[in-house]
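A.B. asks: One structure is given below, represented as structure tokens, and several questions about it will come after.
We did not get these values from a lab; they are worked out from the coordinates using the rules stated. The structure displayed is predicted, hence computed values, not measured ones. Here the Cβ positions follow ideal geometry from the backbone for every residue, glycine too, while neighbour counts run over all protein chains shown.
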Amino acid sequence: MLLERAEQEPNRRALAEYGAVIQVLRNEKSFTFREIAEWLKNYNVEADHNAVYREYTKGMPDDVAHDEAEADDQVEREETGQQ
């Protein structure tokens with residue numbers, strides 16, 4: 001039973017295949033990581049905002065990746081009217 005369930009799980013590493021897509025949506029279209037995850041889900045790509053963030057920042061220095069996360073949080077707060 002567990003083997004069957006394991007085989008049905010989506011491939012979580014598949015997001016690496018969409019690195020260029022994530023780059024365009026983030027850099028050219030100014031999507032947040034959550035928006036990118038939702039966009040990918042619309043095309044049946046299993047994704048959450050954390051996985052999108054990890055793929056986007058892969059290879060970045062830690063301080064640059066941290067700045068990206070902070071900027072993303074700020075945009076989301078502004079969009080929801082939070083401080």
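A.B. asks: Over the Cα atoms of segment 44-83, how large are the radius of gyration and the largest Cα-Cα distance (Dmax), in Å?
C.D. replies: 11.8, 33
A.B. asks: I want to verify a result. In a Gaussian network model of the chain, Cα cutoff 10 Å, which of these has the top mean-square fluctuation: 53, 18, 43?
C.D. replies: Between 53, 18, 43, it is 43 that shows the largest mean-square fluctuation.
A.B. asks: Can you compute the helix-only [θ] at 222 nm over the chain? Use -39500 (n - 2.57) per DSSP H run of at least 4 residues, normalise by all residues, nearest 500 deg cm²/dmol.
C.D. replies: -17000 deg cm²/dmol
A.B. asks: Pick out, from 42, 24, 53, the residue whose Cα sits farthest towards the positive end of the charge dipole of the chain, with +1 on the Cβ of Lys and Arg and -1 on the Cβ of Asp and Glu.
C.D. replies: 42
A.B. asks: Using the Cα centre as the reference, give the magnitude of the dipole from point charges on the C-beta atoms of the chain (Lys, Arg: +1; Asp, Glu: -1; all else neutral), rounded to the nearest 20 debye.
C.D. replies: The dipole magnitude comes to about 300 debye.
A.B. asks: Now for a separate question. Given points 7 Å out from each Cα along the Cα-Cβ axis, report the residue 2 to residue 79 separation in nanometres with one decimal.
C.D. replies: 3.9
A.B. asks: Another question, if that's okay. Mean-square fluctuation check for the chain, GNM, Cα pairs under 10 Å: which of 35, 68, 17 is largest?
C.D. replies: Its mean-square fluctuation being the largest, the pick is 17.
A.B. asks: Right, something else. If you add up the charges near residue 30, with Lys and Arg at +1 and Asp and Glu at -1, over every other residue whose beta carbon is less than 14 angstrom from its beta carbon, what do you get?
C.D. replies: Surrounding charge for residue 30 is -4.
A.B. asks: If you split all Cα-Cα distances of the chain into 5 Å bins from zero, what percentages do you get per bin, shortest first?
C.D. replies: 3, 14, 23, 22, 16, 10, 6, 4, 2, 0
A.B. asks: Mind ranking 22-31, 71-80 by how tightly packed they are, going by the mean number of other C-beta atoms within 10 angstrom, highest first?
C.D. replies: 22-31, 71-80
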